[in-house]
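Notes follow once the structure below has been shown.
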Amino acid sequence: MVRQSTDGSGAGMPLRYPVLDALRGLAALGVVFHHIPATAGLSAAGFDANFGRMVDLFFVLSGFVIAASYGAKLSAGFSFSRFIWLRWGRVWPLHAAMLTVFALSMLALGVMRPELRTHGLMAGQGDPADLPIAFLLLQGVVPSLGITWNHPSWSVSVEMLLYLLAAAGWKLAGQRVWMAWLALAVAVLTFATFGGPLDGLASNIGRGIAGFGLGLALHRAYEQSSPPQLPIAVATVLELAAFAALGAVLWGSGNLMAFDLAATALVALSALQRGLVSRLLCAAPFQWLGTMSYALYMVHVFVIGRVFDLLAVLQPRLGLMIADSTIGGADALTGPDWQADAMKLLIMALCLIVAVPFARLIEQPARAWSRRLAGRPEPRPAN
């Protein structure tokens, strides 16, 4: 943990948890792996069937980090509007840039290949009627006609809603609001486990509330108690056990309650930064991955789609057949197994390469711009 100095607001600046950046990066990689369609290799064996659950780790991390960065400050009088502006400036510019890239590319594809048009000039799953919803980052919380353009941004939409609710709670009820968040999280997880599956927008918002609420309550527990000074060996064993528990859920049932509880335990132990695993995650490569995580998350679906479009063109000419790919249609890596796995890793690397300029040329400058416009430097949160 890294402690920052106090500012002039009367509330101490938050502790910083570099290890949580790395966890976010690893979660983003897991989501990318999951979203590369394949019917051969590890995917055929169901290895990554539940890796979409990694999004729920994002929610737990966000609840913990936002509480660490802003909970005490908002309770002590930090501006609600400035907080929302800073969070909006953190996530929306890159989202808007990727939405523009999607729209322009689909429009170009519809113009060049009229036979692929599925809705007017637009090709693919994006519907023009959903563009306003997507542009305003509302696709995770209001109804749409289908899968809305850059599909992973649904979770960013839900996070913006959670930021609004959390900030309002801190302004109205102060630090005591953690009890309401914990109660909501428990209620959602209990219903999802025993009351029936959550679907559609209820699933989006429910998953967000559950993970965010657990993360927020966990940070409050950190504030109200002294974290244990575990010996390195004990902390390392516990960290490995938390990773093993998370893996057991991912490669098992994928149950939301089990995953969120395992994710919360992992965040709690990692934030102590006492074990060798968490210390390893503070190394430069993992920190870089954490820095790239949001850009990676936002660009990967577009990159995956364009790789398959390219394979659709090149495979017949090269006499290869490692993917079932049709421009504007369904895609999947078909193998042989080792080739499917190798191609998955290659596509993941390509997603990371593409994420770098988007992070450096759009995400980071836009974030700095939003801070300047807000008037004062923003404390750097651990996300």
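The values are calculated or read from the model by the stated rules, or taken from the named source; none is laboratory data. None of these values were measured; they are calculated from a predicted model. Ideal geometry is used to build each Cβ from the backbone, glycine not excepted, and the neighbour counts take in all protein chains shown.
Restricting to the stretch 294-346, count the residues that are in contact with an Asp or Glu (Cβ under 6 Å, 6 or more places away or on another chain), part of a helix (DSSP H, G or I) and farther than 22 Å from Arg53 by Cβ.
Going through the stretch 294-346 one residue at a time, the tally reaches 1.
Name, by its number, the condition in (1) modelled with pLDDT of 95 or more; (2) small (Gly, Ala, Ser); (3) out of contact with any helix residue (DSSP H, G or I) (no Cβ under 6 Å at 6 or more places or on another chain) that does not hold for Gly211.
For Gly211, the failing item is (3).
For the stretch 221-249, which residues satisfy the criterion of being part of a helix (DSSP H, G or I), modelled with pLDDT under 95 and either in contact with a helix residue (DSSP H, G or I) (Cβ under 6 Å, 6 or more places away or on another chain) or polar (S, T, N, Q) (or both)?
Gln224, the sole residue that qualifies.
Can you tell me which of (1) at pLDDT 90 or above; (2) out of contact with any His (no Cβ under 8 Å at 6 or more places or on another chain); (3) closer than 23 Å to Val101 by Cα is the one Ala342 doesn't meet?
Just one mismatch for Ala342, condition (3).
Going through the stretch 158-208 one residue at a time, which ones are of a type in the set (S, T, N, Q) and either surrounded by fewer than 18 Cβ atoms within 10 Å (Cβ to Cβ) or at pLDDT 95 or above (or both)? Explain how you work it out, then say what you get.
Of the residues in the stretch 158-208, the ones of a type in the set (S, T, N, Q) are 175, 190, 193, 203-204.
Gln175, Thr190, Thr193, Ser203, listed by residue number.
Determine, yes or no, whether Leu74 is part of a helix (DSSP H, G or I), surrounded by fewer than 23 Cβ atoms within 10 Å (Cβ to Cβ), modelled with pLDDT under 95 and more than 17 Å from the chain's Cα centre (by Cα). Outline the logic, then answer.
On the way: part of a helix (DSSP H, G or I): yes; surrounded by fewer than 23 Cβ atoms within 10 Å (Cβ to Cβ): no; modelled with pLDDT under 95: yes; more than 17 Å from the chain's Cα centre (by Cα): yes.
No; evaluated as a whole, the condition is false for this residue.
Within the stretch 270-328, how many residues turn out to be in contact with a Phe, Trp or Tyr (Cβ under 7 Å, 6 or more places away or on another chain) and modelled with pLDDT under 95?
4
What single numbered condition from (1) of a type in the set (S, T, N, Q); (2) modelled with pLDDT of 90 or more; (3) buried (at least 19 other Cβ atoms within 10 Å of the Cβ) fails to hold for Thr148?
(2)
Is there a residue being under 30 Å from Glu159 (Cβ atoms), in contact with a strand residue (DSSP E or B) (Cβ under 9 Å, 6 or more places away or on another chain), in contact (Cβ under 8 Å) with a residue 12 or more places away in the chain and surrounded by 20 or more Cβ atoms within 10 Å (Cβ to Cβ) anywhere in the stretch 274-282?
Initially, the stretch 274-282 is screened for residues under 30 Å from Glu159 (Cβ atoms), giving 274-275, 277-282.
Checking the rest, the ones that are also in contact with a strand residue (DSSP E or B) (Cβ under 9 Å, 6 or more places away or on another chain) come to none.
There is no residue in the stretch 274-282 that is under 30 Å from Glu159 (Cβ atoms), in contact with a strand residue (DSSP E or B) (Cβ under 9 Å, 6 or more places away or on another chain), in contact (Cβ under 8 Å) with a residue 12 or more places away in the chain and surrounded by 20 or more Cβ atoms within 10 Å (Cβ to Cβ).
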